[in-house]
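Remarks on the structure that follows.
The values are calculated or read from the model by the stated rules, or taken from the named source; none is laboratory data. What you see is a predicted model, and the numbers here were worked out from it, not measured in a lab. No Cβ is skipped: glycine too gets one built from the backbone with ideal geometry, and neighbour counts run over all protein chains shown.
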Amino acid sequence: MTEELSKQYNPKETEDKWYKVWEQNNLFSAKISSSKPPYCIVIPPPNVTGILHMGHALNNTIQDILIRYKRMRGFASLWMPGTDHAGIATQNVVERSLAKEGLKRQDLGREKFIERVWTWKEEYGSTIIHQLKKLGCSCDWERLRFTMDQDYSTAVTEVFIRLYEKKLIYQGSYIINWCPRCQTALSDEEASHAELQGNLYYLKYPLKDKPLEFLTVATTRPETMVGDTAVAVNPKDKRYKKYIGKILILPLIKREIKIIADPGVDMEFGTGAVKVTPAHDPNDYILGKKHNLDFINVMHPDGRMNESAQKYSGLERFKAREAVLEDLKTLGLLEKIIPHRLSAGHCYRCHTIVEPYLSKQWFVKMKPLAKQAIEAVKKGEIKFYPERWTKVYLNWMENIQDWCISRQIWWGHRIPVYYCRNCQTKNTAKGIIVSKTKPEKCPKCASTDIFQEEDVLDTWFSSWLWPFATFYWPKENADLKYFYPTSTLVTAPEIIFFWVARMIMAGLEFKKKIPFKDVYIHGTVRDIEGKKMSKSLGNVIDPLEVIAEYGTDALRFSLISITSQGQDVYLSKERFEQGRNFANKIWNASRFILMNLKPENSNADLCVSFKEEKFDIVNRWIISRFYSTLKKTNEDLDAYRFNEAANNLYSFFWHEFCDWYLELIKPQIGQKQTQLIMYKVLEKTLRLIHPFMPFISEEIWQRLPKAQGSIMQQNWPHLQADLINEDDEKQMQVVFDIINAIRNMRSEMELGLASRPEIKLTFADKSMEESLRPLFSHIKNLAKLDQLSIAENYLPQENEYTSILKNMHIVMPLKGIVNVAEQINKNQVKIDKIKSEIKNKEIMLANKNFLSRAPKEIIDAEKNKLKDMHEQAAKLEVIKNGLR
RNA sequence: GGGCUCAUAGCUCAGUUGGUUAGAGCGUUGCGUUGACAUCGCAAAGGUCAGUGGUUCAAGUCCACUUGGGCCCACCA
């Protein structure tokens, strides 16, 4: 006999214990095997600065379910873990901690600062890893990678050089998104647009020859006027035609600027005249190039105005705005201000408004890379789940822009570009040398005055190599050969562009193979009002708190059960009660079984016994239900319908196994075959539950009399389709209906148990009567009856109460007080409803199109249904009359 | 402007290729349960499946439009 189990499941006592055991026994480690097919997921590497949030919890629970499921199904199942160095985010964190000491990164210098970052990483960088372990993730931790590992950096450099040599990397001046706080360029994807309330300022620019005449321009960023080099109007605009080619005097700065014509100007917006600031606006930049205008940069990288801004030099950009407006107002050149909603890019890290800024950056030409990545998805080599993301992906890929990959920060992979100062000064060939290591001397002029590019690469420039760089590419090692292409990628929608699309491009470009076959995109976790969870909104639910309060299994199960494919998750804390209750139910059912099980009865083989012995219907039924559930679970997991799988297991275990089966067998629990079946169903169901709820399933597994090894090492139950018996399932359903009807009647009549009534059943169908007779003991038992008898064509008497089911009707003596009129009325409503349904069915069954086109099973089902309804209606009439 | 998505019970949501009487959890109400579990069981009430039209023998499911949310991309002087 196993030791006594407590009445409630206590996750705290089990979770850490089993995780340790799994780790110590190397159960997460995936081994290359010639006999097993590979299954591999690479984790979306969380930032080293990361702290587990609900998004992670959902993302990683899904991956763990897949990994554990495939492992049990006999795959060499590898979950490749790692973390991302997260350039800007990590640098920010370390800079913040420096600030507490009153230091800036510049005070330390580049090398010392990077040392500090590494120290920080060693100390805090594995927080997220520990938290993933709390979640139960079965990652192969011995393979843990970091995007700044030395081998990984080798891959990054290799890729840069290959692309450079293919002329897919170039250096160029462009208007990029500049974060004045982080002082770095941001890619378009990193500058997220958000609406804000601003103003549209109408500024008057005087004409040179007629100083009393003005052209009014409208702008949202008046401070940039000091960098204006033209004003543009639409050539079709009658109002301004006469001014084209004339000269304006830029107020405050007193510079002469030209009025140019361009068809791109919207005549409807503002005044129809637009100031052109080529160095501070992407559109104006294009205009500037087109019309050969000057590019005047008016700002320092930190967002303060520079010398070109003359008297405003040194002012922060928004202070400068105020000053400019003040001065224009004094001069009478500020015509009006009208409120205007506009959207501006914000730094995705610090939410500072980004400044369009002209600077020299490195870019990757994306169009050539995108081509084959588009093909691969179109041909179905890579599939998105849910499928709709395919469109989103293709739409973006077909309109892809070049990727700005340089960042003006210190923490990251330094760009492998060196400059020869000698060549640069001679200006012969820009003096660019691209090399894995610092060259001794310039290959052109042999100068040794060589220095490295200051910029580092965008973090995603390393992440996009993740599916193969984690396997030590460009080396060709055995893991890479065996596990690449990986199987499934599980990720959130917001990084399809950042990451998924780029990985596909990188995989095809450098490995000549797709990086993964399936992409499963799950929803975003939101709060109950549909807002994204964020610290600033204060609406976060901390998964670690949930774990502490409800347990990891509860967290995992609840999350999964409410996550339907690709739909956003609206979460509140109460959700986790369901998971906790389920864990407790599993616990108590197992406790009950173990308390009643004689271990020697658990030894027989289920299938053999099933062939040799005759099992009663209750046992046949639960076996059939188990295999039906298994079948559905397999289908759901294979199609990434995790919530379906979870909910299905939930209702099987709770409402079928516990509520019906365990209740039905209580009187016969000592019986040998019942012992075997209850044990086997529990044991097999635990295996199905394990991927979802790894800890409790292991804890119970270890208490089973036959447990060998960890539940993780067990095979997934083999589907015995021949043990699914639909007739048994239907018959049991009838039993449940009878029992429920009786309980319901009693409840309606408010009869206490004391009455212990006798019930008469009238069957429409003789064969049903035959098959149900052996089950009467169960019915009597659960419905708490003294007698159950069968009557033929019995007409209810005045002192009797009736209920009707599909093919039978139930009569019980009236011992309580019941409102007969109400009962008659109820029956009349039922009769009317059935009659109208009968009408519809008859029309349908008379329809030639239906008879010729509908499948035979459907037609038969409909015919049976009609027959049933006729019978039922007739019986209801009889009852109604009887009651009267 | 382009694309995606949602609208089903009081609340939060399932409903896989159209096919028995549209489901679950929570909440409400009633009844029950003192040897697995009150973190329990059984049941009831509660739905014109957003609206309109169409396709079909058959529509919550497919199509079109309308209304109202949400998201993404582009633009935004």
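Per-structure values
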{"read-out": "Identity of the residue in region A:293-323, part of a helix (DSSP H, G or I) and hydrophobic (A, V, I, L, M, F, W, C), that ends up nearest to A:Q401 (Cα to Cα)", "value": "A:F318"}
{"read-out": "Residue among A:E698, A:E663 that alone is touching a residue at least 60 places away in the same chain (Cβ under 8 Å) and buried (at least 23 other Cβ atoms within 10 Å of the Cβ)", "value": "A:E698"}
{"read-out": "Filter pass, A:D542 being of a type in the set (D, E), at pLDDT below 90 and touching a helix residue (DSSP H, G or I) at 6+ places or on another chain (Cβ under 9 Å)", "value": "yes"}
{"read-out": "Sole exception among (1) away from RNA strand B (no atom under 15 Å from the Cβ); (2) modelled with pLDDT under 90; (3) closer than 30 Å to A:A783 by Cβ for A:K680, by number", "value": "(2)"}
{"read-out": "Filtered residues of region A:377-413 (kept if crowded, with 18+ Cβ neighbours inside 10 Å and either away from RNA strand B (no atom under 15 Å from the Cβ) or of a type in the set (K, R) (or both))", "value": "A:I382, A:I405, A:S406, A:R407, A:I409, A:W410, A:W411, A:G412, A:H413"}
{"read-out": "Looking only at region A:260-276, and only at residues there that are closer than 11 Å to A:D228 by Cα and aliphatic (A, V, I, L, M), the one that is farthest from RNA strand B (Cβ to nearest atom)", "value": "A:V276"}
{"read-out": "Helices (runs of 4 or more DSSP H) completely within region A:1-101 that count 2 or more residues being without any contact (Cβ under 8 Å) to a residue 40 or more places away in the chain", "value": "A:11-24, A:87-100"}
{"read-out": "Given (1) acidic (D, E); (2) touching a helix residue (DSSP H, G or I) at 6+ places or on another chain (Cβ under 7 Å); (3) surrounded by 15 or more Cβ atoms within 10 Å (Cβ to Cβ), index of the condition A:E871 fails", "value": "(2)"}
{"read-out": "Which listed residue, of A:K614, A:K598, is surrounded by fewer than 21 Cβ atoms within 10 Å (Cβ to Cβ), farther than 30 Å from A:Q578 by Cα, free of Cβ contacts under 8 Å to residues at least 40 places away in the same chain and basic (K, R)", "value": "A:K614"}
{"read-out": "Checklist (1) within 16 Å of RNA strand B (Cβ to nearest atom); (2) surrounded by fewer than 14 Cβ atoms within 10 Å (Cβ to Cβ); (3) outside any loop (DSSP other than H, G, I, E, B) applied to A:R239, failing item", "value": "(3)"}
{"read-out": "Some residue of region A:192-207 being in a strand (DSSP E or B), more than 16 Å from RNA strand B (Cβ to nearest atom) and under 22 Å from A:S462 (Cβ atoms)", "value": "no"}
{"read-out": "Residue satisfying condition, being within 26 Å of A:N793 (Cα to Cα), assigned to a helix (DSSP H, G or I) and not small (G, A, S), within set A:K865, A:K841", "value": "A:K865"}
{"read-out": "Answer from A:R620, A:R556, A:R580, A:R625 - the residue that is surrounded by 20 or more Cβ atoms within 10 Å (Cβ to Cβ), within 8 Å of RNA strand B (Cβ to nearest atom) and of a type in the set (K, R)", "value": "A:R580"}
{"read-out": "Tally, over region A:125-160, of residues that are in a helix (DSSP H, G or I) and free of Cβ contacts under 8 Å to residues at least 12 places away in the same chain", "value": "2"}
{"read-out": "Among residues of region A:844-862, those that are under 44 Å from the mean Cα position of the chain (by Cα) and either more than 9 Å from RNA strand B (Cβ to nearest atom) or not in a helix (DSSP H, G or I) (or both), counted", "value": "4"}
{"read-out": "Strands (runs of 3 or more DSSP E) wholly inside region A:437-521 containing at least 2 residues that are within 21 Å of the chain's Cα centre (by Cα)", "value": "A:486-491, A:516-521"}
{"read-out": "Residues of region A:583-614 classified as within 11 Å of RNA strand B (Cβ to nearest atom) and out of contact with any helix residue (DSSP H, G or I) (no Cβ under 7 Å at 6 or more places or on another chain), total", "value": "6"}
{"read-out": "Complete set of residues in region A:293-304 that are away from RNA strand B (no atom under 16 Å from the Cβ), over 43 Å from the mean Cα position of the chain (by Cα) and buried (at least 18 other Cβ atoms within 10 Å of the Cβ)", "value": "A:I296"}
{"read-out": "Residue tally, condition within 7 Å of RNA strand B (Cβ to nearest atom) and farther than 18 Å from A:A764 by Cβ, over region A:863-884", "value": "0"}
{"read-out": "Scan of region A:208-223 for residues that are within 12 Å of RNA strand B (Cβ to nearest atom), part of a loop (DSSP other than H, G, I, E, B) and either of a type in the set (D, E, K, R) or surrounded by 21 or more Cβ atoms within 10 Å (Cβ to Cβ) (or both), ordered by number", "value": "A:R221"}
{"read-out": "Residue within region A:420-431 that is under 30 Å from A:C40 (Cα atoms) and surrounded by 15 or more Cβ atoms within 10 Å (Cβ to Cβ) present", "value": "no"}
{"read-out": "Subset of region A:277-292 that is within 9 Å of RNA strand B (Cβ to nearest atom) and part of a loop (DSSP other than H, G, I, E, B) - its residue that is surrounded by the fewest Cβ atoms within 10 Å (Cβ to Cβ)", "value": "A:D281"}
